[in-house]
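**Student:** Sharing a structure, written as C-alpha cells. Questions coming.
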C-alpha cells in the first residue's frame, strides 16, 4: 500500500537527455495500438464493410455527424480529424491503463507501466495542444486582425471583456488538463486500493465503472475542444 498514491510519473531510463517515464511508455503503446488497428481496418476496404472496417465506419460516421452539427459542413472537414484523434487517443489510453500489469509490474523498483492520463504532464500537454490548435484555427478563419479584435478594442467595455476572455483561455487549459487527470488518477488509486484488499470479483464493478469513466472523459475532452474551436473561430458580436 505504500505506493498507492504516486503523483509523479516514475522515470524508467533516459534516451540521451529525454527521460522515459512509465506514462510516456504507455502513450507510445497506445499510439502503436491505434496505428495497427487503423491499418488493419483500412487494409482491405470493401464497398460493403464488415468486421473492423464496419466498426470504424460507424464510429467515424457518428463522430463526423456530431462535429458537422456543431461546426457546420465547411469547418467540420478541418475540425473533425483533430477532435476524433483526441477522442480515440484518450479513450485507448484510458482503457489501456485498465489492462493487467499497469501500476502493478515493477522495473528496477519503479512501476513499469501506468495509465498515461494519470500523469498531469501528459494531460497538460494534451490541453496545451488543444488550445494551440484552437487559436490556430481562429487565426485561419478570422485573420490575424479579426483574431486580435476578439481580445483588444478601443471601447473600454469591450477591452475589459476581451481581457476577461484571455484569462478564460488559461482556465480552459487548466480545466481540460485537471479534469482528465483527476478522474483517471482517482480511478487508478481506487482500483489499486480495492485490488490490494480483494484479489477477485470485488474489483470487477470498479473496473466496469472505470471503463465508463474512461469513455466519458475522452468524449468530454473531445467535445470541449470542438466547442472551443467553434466559439473562437466565430466572429465577435461587436464585428457584426
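**Student:** So which residues in segment 209-236 are surrounded by fewer than 20 Cβ atoms within 10 Å (Cβ to Cβ), over 16 Å from the mean Cα position of the chain (by Cα) and assigned to a helix (DSSP H, G or I)?
**Tutor:** 209, 230, 231
**Student:** Can you tell which of 153, 138, 127 is modelled with pLDDT under 80 and crowded, with 16+ Cβ neighbours inside 10 Å?
**Tutor:** Values: 138 fails: modelled with pLDDT under 80; 127 fails: modelled with pLDDT under 80.
After ruling out the rest, the residue left standing is 153.
**Student:** Would you say residue 143 is in a helix (DSSP H, G or I), out of contact with any helix residue (DSSP H, G or I) (no Cβ under 8 Å at 6 or more places or on another chain) and surrounded by fewer than 21 Cβ atoms within 10 Å (Cβ to Cβ)? Walk me through it before giving the result.
**Tutor:** On the way: in a helix (DSSP H, G or I): yes; out of contact with any helix residue (DSSP H, G or I) (no Cβ under 8 Å at 6 or more places or on another chain): yes; surrounded by fewer than 21 Cβ atoms within 10 Å (Cβ to Cβ): yes.
When the stated conditions are applied, residue 143 passes them.
Rundown of residues vs (1) part of a loop (DSSP other than H, G, I, E, B); (2) more than 18 Å from the chain's Cα centre (by Cα); (3) in contact (Cβ under 8 Å) with a residue 40 or more places away in the chain, yes/no style:
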| position | (1), (2), (3) |
| --- | --- |
| 12 | no, yes, yes |
| 23 | no, no, yes |
| 35 | no, no, no |
| 40 | no, yes, no |
| 46 | yes, yes, no |
| 55 | no, yes, no |
| 62 | no, yes, no |
| 65 | no, yes, no |
| 72 | no, yes, no |
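**Student:** Follow-up. Mind telling me which of the residues 39, 48, 20, 82 ends up being surrounded by 10 or more Cβ atoms within 10 Å (Cβ to Cβ) and over 30 Å from residue 190 (Cα atoms)?
**Tutor:** Details: 39 fails: surrounded by 10 or more Cβ atoms within 10 Å (Cβ to Cβ); 48 fails: surrounded by 10 or more Cβ atoms within 10 Å (Cβ to Cβ); 20 fails: over 30 Å from residue 190 (Cα atoms).
None of the other options fit; the residue is 82.
**Student:** Tally time: how many residues in segment 165-188 are surrounded by fewer than 15 Cβ atoms within 10 Å (Cβ to Cβ) and under 16 Å from residue 114 (Cβ atoms)?
**Tutor:** Qualifying residue count for the region: 1.
**Student:** Test residue 94 against the criterion of being in contact with a strand residue (DSSP E or B) (Cβ under 6 Å, 6 or more places away or on another chain), crowded, with 19+ Cβ neighbours inside 10 Å and at pLDDT 85 or above, and give yes or no. Break it down stepwise before answering.
**Tutor:** Working: in contact with a strand residue (DSSP E or B) (Cβ under 6 Å, 6 or more places away or on another chain): no; crowded, with 19+ Cβ neighbours inside 10 Å: yes; at pLDDT 85 or above: yes.
No, not satisfied.
**Student:** For residue 107, indicate whether it is under 16 Å from residue 24 (Cα atoms) and either touching a strand residue (DSSP E or B) at 6+ places or on another chain (Cβ under 9 Å) or buried (at least 17 other Cβ atoms within 10 Å of the Cβ) (or both).
**Tutor:** Details: under 16 Å from residue 24 (Cα atoms): yes; either touching a strand residue (DSSP E or B) at 6+ places or on another chain (Cβ under 9 Å) or buried (at least 17 other Cβ atoms within 10 Å of the Cβ) (or both): yes.
Yes, satisfied.
The values are calculated or read from the model by the stated rules, or taken from the named source; none is laboratory data. This structure is a prediction, so every number in the text was calculated from the model and none was measured. Glycine gets a Cβ as well: all are built from the backbone with ideal geometry, and neighbour counts include every protein chain shown.
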